[in-house]
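Take a look at the structure below.
The values are calculated or read from the model by the stated rules, or taken from the named source; none is laboratory data. What you are looking at is a predicted structure, and each value in this text was computed from that prediction instead of being measured. Counting neighbours? That spans all protein chains shown, and the Cβs are built from the backbone with ideal geometry, glycine included. The area values use the complete protein model at the heavy-atom level, side chains included, leaving out ligands, DNA and RNA. Shrake-Rupley method; radii C 1.70, N 1.55, O 1.52, S 1.80 Å.
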Amino acid sequence: MTPARKKLNSHIILTLLLGSLTAALLVRAIFISADELLEIKSKTPVLGTFATYIVIAESEAAGTILSSMDSLARYLDNELGVFGDGELSGLNMRGYALIPELSSDMKYLLEKSLFISSVTDSLFDPAMGVLVNVWGFPNDPHFPDSTEIDSALALSGLKNVSISGDTLYLSSGTLLDFGAIAKGYTADRIYSHSRSLGARAAMVEIGGEIRCGGDTETGRLWRLAVRNPRGEDILEMIEIENGAVATSGDYESYFFDNGVRFCHILDPRTGYPEFGAASVTVVSDDAATADALATAICVGGIDTAANIPDSLFSLIIVIKEDQNGEIAEWRRGSV
Ligand code: ADP
Ligand code: MG
């Protein structure tokens, strides 16, 4: 990840709503004079959060590319999200099953998940849907009783999942939940899609998971903020030209019980929310990897971060809170 060579010379800013896009898609366009390129920015709801896209492309193509990115996001949201009625819901509703003909997206997510699980001592686990439901995240977070947690744990874990070719084996009652990797993966897919349609550069951010990059001549240095998990301030800026950044933490979705914070990231070893870190930011080549690693490191903390293979990331930042509420930063690698 090298520094940017060139800053874009942009002027003439206008706001418009592209005809083919949904009304929810707010679009801002900037004409870039030198190459008759257009930069378009949009924000739209997807995967239970918001996505922001920035596309730099030839002016006549930019709107079509943006529209196509949005369509792909909606498709993947339905197929891979727990609230969709596509492939993931279908798998989860079938109970015990040998399920043939997985889509390439689902196969990739399962294989990637098994791999990330293997490098994080199984702390990344997308087969904990029953446990997530017992804790009520995201709509009704509450403290379950311990018998509910024990029963949910018995139905949870990648031990209940295997794949052979295009066929999935899923134990009866186990529910898949790709909440900790699907946003990153979707960002990767939408970014690659935009580039295959001719975008000279693009940035896709879905709920804090980011994939960005561009051609050498058009590309820019994307500046991405690492937020203080216990405040509104920004702790530092990360600058990358091509790659991905993901942040997970205990401050997005949580509740307090007797003064203790319980968040939506769960420890597969105990069935309880994690206490490994307040937030974790990972910079990798792709956002699926960064997203999944960030979640696993939230659970395992610095010990897990210290053992991630070098080839999977360029920077890991772990932010912890001590008993006095002070935050401390630990890092490995650089960008
Ligand atoms: P965010 O959704 O805020 O970006 P994450 O990427 O960490 O945060 O994903 C958290 C979601 O992933 C949870 O809401 C839950 O659905 C699921 N999940 C919780 N714990 C784990 C875990 N240990 N491994 C994999 N998925 C998890
Ligand atoms: Mg994640």
Query raised in the report: Between the stretch 114-160 and the stretch 299-335, what's the alpha-carbon centroid distance in Å?
Result: 23
Query raised in the report: Label points 7 Å out from Cα along the Cβ direction at S151 and E101: separation in nm?
Result: 3.5
Query raised in the report: When the chain is fully extended, how far beyond the present Cα-Cα distance does D85 get from E60, taking 0.36 nm per residue of separation?
Result: 5.5 nm
Report task. Amide H neighbours of I238 under 5 Å, at least 5 residues apart or on other chains, H built in the peptide plane: list them. Result -> L224, A225, V226
Query - the stretch 160-266 - Rg over Rh from alpha carbon coordinates, Kirkwood radius - result: 1.09
Report task. Please work out the average accessible area per residue across the chain, using the 1.4 Å probe convention, and give it in Å². Result -> 44
Report task. Could you run the Karplus curve 6.51 cos²θ - 1.76 cosθ + 1.60 with θ = phi - 60° over the stretch 228-240 and give me ³J(HN,Hα) per residue in whole Hz, x for Gly and Pro? Result -> 5, x, 10, x, 9, 6, 9, 7, 6, 10, 10, 10, 9
Query - Compactness of the chain, expressed as Rg and Dmax over alpha-carbon positions, Å - result: 20.2, 65
Query raised in the report: Mean shadow of the stretch 87-170, computed from the convex hull of its alpha carbons, in nm²?
Result: 6.0
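Within the chain, what's the longest run with no GluC sites (Glu not before Pro) in a DSSP loop and at most 13 other beta-carbon atoms within 10 Å? Give the range, please. List each step's numbers first, then the result.
On the way: sites that count: E36, E101, E217, E232, E326.
Longest gap between qualifying sites, sites excluded: 102-216.
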Report task. Whenever you get a sec, compute what percent of the accessible area on the stretch 181-335 sits on carbon and sulfur atoms (1.4 Å probe). Result -> 44
Query raised in the report: Using a Gaussian network for the chain with springs between C-alpha atoms less than 10 Å apart, which of these wobbles most: T49, T167, T147?
Result: T147
Report summary line: Count of lysine pairs, the chain, Cα-Cα under 24 Å, sep. 8 or more residues or interchain, comes to 11
Report task. Step through the residues of the stretch 51-56 one at a time and calculate ³J(HN,Hα) from phi using the Karplus curve (6.51 cos²θ - 1.76 cosθ + 1.60, θ = phi - 60°), rounding each to whole Hz and writing x for Gly and Pro. Result -> 10, 10, 10, 10, 10, 10
Query raised in the report: How much of the accessible area of the stretch 87-170, probe 1.4 Å, is carbon plus sulfur, in whole percent?
Result: 53
